[in-house]
Structure formats: C-alpha cells, structure tokens
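Before any comments, here is the structure.
The values are calculated or read from the model by the stated rules, or taken from the named source; none is laboratory data. Fair warning: this is a prediction, and the values are worked out from it, not measured in the lab. Don't worry about glycine lacking a Cβ; one is built from the backbone with ideal geometry, like all the others, and counts go over all protein chains shown. These accessible areas exclude ligands, DNA and RNA; they are computed on the full protein's heavy atoms, side chains included. Shrake-Rupley method; radii C 1.70, N 1.55, O 1.52, S 1.80 Å.
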Amino acid sequence: MAISEQPQPLFIDTGAFFAWVNTRAGRHETAQSVFDALRREAIPYQPLFTSRYVLSELATLTSRKINHKTAVDALQTIRCSGSFNILPVGEGVFAAACDKFERYDDQQISFVDHMSAVLAREYEIEYIFTFGRDFMTLGLTRVPADSHFSE
C-alpha cells in the first residue's frame, strides 16, 4: 500500500467469497488475487466487513453448488479469522433494507444485497468486494471493477 493512501473499510459480498472458495469459478483467480493482496496489505482496504446475511447466503450457495463440507469449511475459516468483522443486523437496519427492497421494484436486486448496502452505509463503508453490478445502483464502489486495484 502506498504511504499516502489511507486504508478504507471494505465490505465483502457473497459473490467474492463464493469465487474464492469455488476453484472452478470463472472469477476464482481474481478473488484469490484480491484476498491475497488484502492479506499482504498490498491494497488500501482495512478493516474488512461482512454480515451474517452474507454468510447465510454463502453457506447455502456453497452447499448447493459445491458440497456441504466446503460450505462448513468456508464458514469456519471466515468466522475463525481475525480479519473479518461479521456485522449483526439490528431492527433499524433490517427495516431500512425492507424499505429499500420495496422501493427498488423495477430492479432484480436481492434482499441480501440491499441489506449489505444498508449495512455499508450504516458503518460508513464506500467500497465493496463484489462481482455484482447491483452495488453500483446501490451507490457503492466495487473492488476490483470500479477501483484502482489491478491483478
């Protein structure tokens, strides 16, 4: 990380985690590169955040698309790591996500993505590690797509 760049908090989306654990995913190498760069602090994103909703979605997706053991291993790795702050969802955040989900009736944005965007705003997080385009609509800057990160 360049000395002049202040670290920015980063929210991690389901798709980034799934590409990381799924070695057959088309974006696996990109996800691996970003996670490696985060681990080495070679890119200016710290601290790292995710949510219980993201982990719930990750467990279900991984169990269905890969297998149960990989899902359990992924959850254990993330939960036991000191790198990830797993955010709870309080009643106010949940209500705000419900409102946003209702208002975006012309979009196919998942409820979990709305929840992630509300949490990001609640914790003043501008950047999200994701491969999903919906987060642009929700006002977040995607890493690596919309950032200066390069593999």
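When TRP20 is tested against (1) out of contact with any Phe, Trp or Tyr (no Cβ under 7 Å at 6 or more places or on another chain); (2) among the hydrophobic types (A, V, I, L, M, F, W, C); (3) within 19 Å of ARG133 (Cα to Cα); (4) in a helix (DSSP H, G or I), exactly one condition is not met: (1).
Listed here are the residues, each with its yes/no results for (1) over 13 Å from PHE11 (Cα atoms); (2) touching a Ser or Thr at 6+ places or on another chain (Cβ under 6 Å).
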residue: ARG27; (1), (2): yes, no
residue: LEU58; (1), (2): yes, yes
residue: GLU91; (1), (2): yes, no
residue: LYS100; (1), (2): yes, no
residue: GLN107; (1), (2): yes, no
residue: SER116; (1), (2): no, no
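Annotation note: of TYR53, TYR104, the sole residue that is at pLDDT below 95 and either surrounded by 12 or more Cβ atoms within 10 Å (Cβ to Cβ) or closer than 15 Å to THR130 by Cα (or both) is TYR104. Pairs meeting the criteria (first residue in region 94-110 and within 11 Å of LEU138 (Cα to Cα) and part of a loop (DSSP other than H, G, I, E, B), second residue open to solvent by 60 Å² or more (accessible area, probe 1.4 Å) and among the hydrophobic types (A, V, I, L, M, F, W, C), beta carbons under 8 Å, at least 6 apart or on different chains) are ILE109/PHE101. Condition first: exposed (fewer than 13 other Cβ atoms within 10 Å of the Cβ) and of a type outside the set (Gly, Ala, Ser). Can you find one or more residues in region 113-123 that meet it? No, there is no match, as no residue in region 113-123 is exposed (fewer than 13 other Cβ atoms within 10 Å of the Cβ) and of a type outside the set (Gly, Ala, Ser).
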